[in-house]
Amino acid sequence: AGVPSPTGAQTTQLLVQPPWTPAVLWDRVTLTCQGSGTAGATTWYKDGQRWGQNRRNSFTLTESGTYTCDRPGGGLSPPVTVLNDQLVLQVPARTLLEGDTVTLCCRA
């Protein structure tokens, strides 16, 4: 049954398409909730509030805000912020470490 996660570890992740952060609404952003928890029981939160009764694992956003997803057994994902700003400086939506070469993207 796999290796148990350390206490407090987040196994639920939010994948962002296109893979840039912060995400911008005019990119037609798709969020996908992934992880080891129960796939059919995804709970979504927008700006800290339970967001509808959406059990789907993936959907395209129509509103800006900060999104997280939760799965039984997998916990709450790190947040993803989606902006509706006119000018945004983006970085790749992955973990960045000191010393990495990073492409910045200025979007207008």
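Values as computed for the structure displayed
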item: Normalised contact order of the range 13-107, rounded percent, pairs of Cα under 8 Å and 6 or more residues apart; result: 32
item: Net lengthening on full extension, Arg107/Ser36 (0.36 nm per residue, minus Cα-Cα); result: 22.2 nm
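Coordinate-derived values only; no laboratory data. The shown structure was predicted, so the numbers you read here are calculated from the model rather than taken from an experiment.
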